[in-house]
Every structure is written in structure tokens, then in C-alpha cells.
């Protein structure tokens with residue numbers, strides 16, 4: 001079955017492409033833009049390439065932690081549960097390029113011979129990229145070129161060439177790089193379903209019973225899966241997800257704190273504020289003021 005035509009798994013976060021007709025996003029970003037310098041655990045059908053411009057980034061992919069340093073990068077294969085963060089709340093500036101593998105599937109033969117073998121390779125969930133290795137440096141340079149051509153009128157044509165150059169290297173080396181790998185696990189598929197359910201329903205009441213039904217497992221196993229791959233309980237994940245959504249609203253809207261609290265699924269402003277202070281280290285109003293200044297500084 002073709003990856004492009006027959007995919008039935010929905011991403012836990014809606015794809016926000018730079019252009020509706022071209023399934024790719026190209027960003028320069030800072031971890032300080034995210035609550036606690038951490039991006040939510042998530043997964044998507046797109047592949048993602050990150051290049052670190054300044055600082056360090058901690059990546060957790062399918063429960064495995066990887067540290068990526070300045071001038072290094074990482075390839076994250078499609079459909080891998082992952083999050084990125086700073087261990088010590090220090091700034092990390094990075095380029096992120098995400099694109100859907102459909103861009104590479106100009107023919108069914110190319111999809112079958114070159115795209116699916118990488119996408120469906122359970123032994124290749126990620127690849128750290130270092131300039132010490134020529135083939136990895138080729139990928140790092142291509143990612144940078146895509147970023148710097150993002151405003152050109154011929155972006156789609158230029159980026160397409162770079163994506164093929166990146167994919168050639170990934171294809172040639174996807175089975176040759178020694179690294180610690182985890183075998184494919186049905187638990188990950190169930191975790192993705194539960195994460196997707198939380199993303200779709202976090203504004204209302206989400207119970208452990210609902211999650212374990214979505215994941216088709218018992219409550220104990222449900223808690224164990226969250227602990228194994230995300231290092232937190234399901235309830236902790238729901239709380240953190242709501243807090244990060246609240247942090248986004250505090251930064252991007254002028255809604256009063258009480259409305260933000262209800263909008264992201266908390267029963268009241270005081271409970272939201274106390275949980276926010278505990279997990280984010282400051283009150284919602286303080287967070288809003290600080291991140292408004294940070295946004296101005298990065299423009």
C-alpha cells in the first residue's frame with residue numbers, strides 16, 4: 001500500500017504549511033518561544049530536519065533522548081513521537097524544515113523504490129547530523145539553503161531540488177549507520193492515538209478511562225506507556241498540554257486570564273494560575289509580559 005495514497009493515520013497536530021499548495025514549512029525559531037523552553041510531544045506525517053544555529057537542544061524520540069549541539073542537526077522520520085527542549089532553560093536558536101514525503105513521489109516507482117524504504121524503516125527513526133561526515137554535511141548545507149531561499153519567487157523549485165538531494169543521502173545511508181535503535185512497538189501506535197485524542201478534546205473533560213479505551217488497553221498499561229515514552233503520567237500530560245495551549249493564548253491573544261483558563265480546559269482561573277506558576281515558574285500575567293518582550297526582540 002502506498003504511503004501517500006493509503007495513509008489513514010491523522011496527525012496529532014494540524015499541519016500548518018507555508019502555502020496550501022506546497023506541503024512544507026520552513027522556520028527559524030527559538031526555544032524561548034515555547035513554555036519552559038519545551039515543545040509538546042507530538043508526531044506528524046511529515047519528515048523534519050533541524051539545524052542548530054546557537055545553543056543546544058534535547059530531543060526525545062520514541063522515548064530515547066538525544067542531545068544536538070550547535071552546528072549539528074537531526075533528521076526525524078515521519079510518524080515518530082518526539083519533543084524538543086532545553087535541559088537548563090537556555091536559549092537555542094534553530095532552523096526547522098518540515099515537508100511531506102508526497103513531494104518526493106513524482107512516480108509510483110520512485111515512491112516504492114526510494115521513499116517507502118526510508119519512511120517505513122523502523123530501524124531509522126532519526127539520524128543525528130554532524131559536519132564531520134561528508135554525507136551528513138551535505139544534508140545540513142541543503143537545509144540551510146532551503147531556509148535562505150524561502151523568500152525567493154522560485155522557492156518551490158529550488159526547495160524541491162534540495163529535498164531530493166537530502167533524500168538521496170538519507171536513502172543511501174538509512175541502513176548503514178550504527179546507532180541505538182528500538183524495534184517497532186504497537187505501544188507507540190496506541191500512544192499516538194491517545195495523544196491525538198487529547199489534542200482533539202483537551203478543552204473538555206478527558207479521563208483515564210477514555211484514554212485507555214482509545215488506546216485499547218487497561219489503565220495500568222496506559223499509564224506505563226505514557227511513563228515509558230513521555231516520562232509522565234497521562235494526567236500530567238493532559239495538564240501540561242493544557243498549560244502550553246494556555247501559554248500560546250497568553251502570548252498570541254489579549255483574552256483575560258480567566259477566559260484563557262476556561263478555553264484550555266481548566267475549571268477556574270485560580271486553579272489554572274496556580275498550576276501555571278508551578279510548572280512554568282511564573283504567573284500567567286508575568287509570562288504574558290515577558291514573552292511579549294521576547295517576541296519583539298526576535299522580530
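Restricting to the range 52-79, and then to whatever is within 16 Å of residue 36 (Cβ to Cβ) and part of a loop (DSSP other than H, G, I, E, B), can you tell me which residue is farthest from the chain's Cα centre (by Cα)? Here the residue is 55. Of all residues in the range 30-51, count the ones that are part of a strand (DSSP E or B), more than 10 Å from the chain's Cα centre (by Cα) and under 19 Å from residue 199 (Cα atoms). Looking only at that region, the number is 1.
So which residues in the range 130-152 are in contact with a helix residue (DSSP H, G or I) (Cβ under 6 Å, 6 or more places away or on another chain) and part of a helix (DSSP H, G or I)? 135, 138, 139, 142, 145, 146, listed by residue number. Among the residues examined, residue 111 does not qualify as loosely packed, with under 15 Cβ neighbours inside 10 Å and over 18 Å from residue 70 (Cβ atoms). Just to be sure before I move on: is residue 206 without any contact (Cβ under 8 Å) to a residue 60 or more places away in the chain and within 30 Å of residue 236 (Cα to Cα) in the structure I sent? For residue 206, the condition - without any contact (Cβ under 8 Å) to a residue 60 or more places away in the chain and within 30 Å of residue 236 (Cα to Cα) - is met. All of (1) under 19 Å from the mean Cα position of the chain (by Cα); (2) part of a loop (DSSP other than H, G, I, E, B) hold for residue 217 with one exception: (1). Restricting 115, 128 to those that are touching a residue at least 12 places away in the same chain (Cβ under 8 Å) and under 19 Å from the mean Cα position of the chain (by Cα) reduces the list to 128. In the range 218-228, the qualifying residues are those that are closer than 18 Å to residue 41 by Cβ and touching a helix residue (DSSP H, G or I) at 6+ places or on another chain (Cβ under 7 Å), and the one that is surrounded by the fewest Cβ atoms within 10 Å (Cβ to Cβ) is 223. Taking the range 32-54 as the range and being touching a strand residue (DSSP E or B) at 6+ places or on another chain (Cβ under 6 Å), surrounded by fewer than 19 Cβ atoms within 10 Å (Cβ to Cβ) and more than 20 Å from residue 233 (Cβ to Cβ) as the test, the residues that pass are 53, 54.
To keep it simple, each residue is scored yes or no on (1) over 24 Å from residue 83 (Cβ atoms); (2) touching a helix residue (DSSP H, G or I) at 6+ places or on another chain (Cβ under 9 Å); (3) surrounded by fewer than 15 Cβ atoms within 10 Å (Cβ to Cβ).
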site	(1), (2), (3)
212	no, yes, no
237	no, yes, no
249	no, yes, no
259	yes, yes, yes
264	no, yes, no
280	no, yes, no
284	no, yes, no
290	no, no, yes
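Every read-out reported here was derived from the displayed coordinates using simple, explicitly stated rules and does not represent laboratory data. Computed from a predicted model, the values in this text were never measured in an experiment. Note: ideal-geometry Cβ built from the backbone for every residue, glycine included; neighbour counts use all protein chains shown.
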